[in-house]
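Encoded as structure tokens, the structure appears first; notes follow it.
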Amino acid sequence: MQDLDGRIALITGAGRGIGAATARALAAAGAKVILTDLEAPVALAESLGGWALTQDVTSEADWETVMAFARDTAGGLDILVNNAGLFLMKPLSETSLADWKRIQSVNVEGVFLGAKHAAPLLAERASKWRGGASIINLSSVAGLVGSAGTSAYNASKGAVRLLTKSLAMELAPLQIRANSVHPGVIETHMGDEVVAGFSAASGMGDNETRVALAQRHPLGHMGDVVNIADAIVFLASDRSAFMTGSELVVDGGMTAN
Ligand SMILES: NC(=O)c1ccc[n+]([C@@H]2O[C@H](COP(=O)([O-])OP(=O)(O)OC[C@H]3O[C@@H](n4cnc5c(N)ncnc54)[C@H](O)[C@@H]3O)[C@@H](O)[C@H]2O)c1
């Protein structure tokens, strides 16, 4: 779709779902890709001519290792996709402090650490590209509107939304853009967790819940990983050169009304 020839991209949580689709789409657009996850996605990385690394996004030491790899082996970094994330649906009364901290740790601290450690590397090559370097953070419709039973997840995705805007302000002088992406419910492992969570809360069966969730998207269905990967490729490319600090909502119209 867009020409990302010569660019080097890092995608966290790239072992499956939106992260895997994003790695495929960025590679198809010409980027060299570094895929990281709790277990290195070796087969997918090899099929894309990229690299696979083991990384826990909550570990600062892992970020240092991954950035050293990007610099020394891949040749630098132009695109960071902070995609790794966890979902939680539990009533407030059943949400433990440990639950809350686990969700904030992966969904928020992981993004903070990624931006902090990648920024120096992104800055080194940013002037090579008309649209500079690009950080893309996965927020959610849950970072825009609330819903019952998902307070920890909503708080984390709302934090990603505003963290992204501050990154945009602070990193603009370095020609690094930062934007957030806000998917509706997408058909992935996490999408199944969303269905199971709403199913348990409503007492409806999974199939009925799936239909109800599909209908909450005015376009009439849940999203596909490729819908999100396409948006991320756009934000990674020079076609979005004047976008920073923005929220790209890809939700089939769910939050339009
Ligand atoms: N699927 C949806 O409906 C949906 C909707 C809105 C936003 N999102 C967001 O999109 C992103 C990707 O979601 P998905 O649906 O592909 O989820 P998924 O559960 O299918 O995949 C998430 C990946 O993140 C990895 N991961 C989890 N914790 C990690 C950690 N500490 N360090 C490194 N990797 C870790 C997992 O191993 C997994 O491969 C998430 O940030 C999610 O919150 C998803």
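The values are calculated or read from the model by the stated rules, or taken from the named source; none is laboratory data. The shown structure was predicted, so the numbers you read here are calculated from the model rather than taken from an experiment. Note: ideal-geometry Cβ built from the backbone for every residue, glycine included; neighbour counts use all protein chains shown.
The residues listed here are Pro120, Pro183; of these, the one that is near the ligand (Cβ under 8 Å from one of its atoms) and on the phi < 0 side of the Ramachandran plot is Pro183. If the condition is being polar (S, T, N, Q) and either farther than 21 Å from Pro183 by Cα or surrounded by fewer than 23 Cβ atoms within 10 Å (Cβ to Cβ) (or both), then segment 1-29 contributes only Gln2.
Taking the criterion of being of a type in the set (Gly, Ala, Ser) and surrounded by fewer than 20 Cβ atoms within 10 Å (Cβ to Cβ), the residues of segment 30-63 that qualify are Gly30, Ala40, Ala43, Ser47, Gly49, Ser59, Ala61.
Only one residue in Ala98, Ala155, Ala119, Ala133 is at pLDDT 95 or above, out of contact with any Gly (no Cβ under 6 Å at 6 or more places or on another chain), of a type in the set (A, V, I, L, M) and closer than 20 Å to Leu38 by Cβ, so which one is that?
Result of the check over Ala98, Ala155, Ala119, Ala133: Ala98.
Segment 127-226 holds helices (runs of 4 or more DSSP H) entirely within its bounds, and those carrying 3 or more residues that are without any contact (Cβ under 8 Å) to a residue 12 or more places away in the chain and not small (Gly, Ala, Ser) map to 206-215.
Okay, residues lined up against (1) of a type in the set (A, V, I, L, M, F, W, C); (2) touching a helix residue (DSSP H, G or I) at 6+ places or on another chain (Cβ under 7 Å):
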{"site": "Val181", "(1), (2)": "yes, yes"}
{"site": "Gly197", "(1), (2)": "no, no"}
{"site": "Ala231", "(1), (2)": "yes, no"}
{"site": "Glu247", "(1), (2)": "no, yes"}
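Residue count for segment 69-94, restricted to those that are buried (at least 24 other Cβ atoms within 10 Å of the Cβ) and in contact with an Asp or Glu (Cβ under 9 Å, 6 or more places away or on another chain): 2.
Can you tell me how many residues within segment 115-158 are of a type in the set (Val, Ile, Thr) and over 16 Å from the mean Cα position of the chain (by Cα)? Lay out the reasoning, then the answer.
Residues of segment 115-158 of a type in the set (Val, Ile, Thr): 135-136, 141, 145, 150.
Within this subset, residues satisfying the condition of being over 16 Å from the mean Cα position of the chain (by Cα) are 145, 150.
Of the residues in segment 115-158, 2 are of a type in the set (Val, Ile, Thr) and over 16 Å from the mean Cα position of the chain (by Cα).
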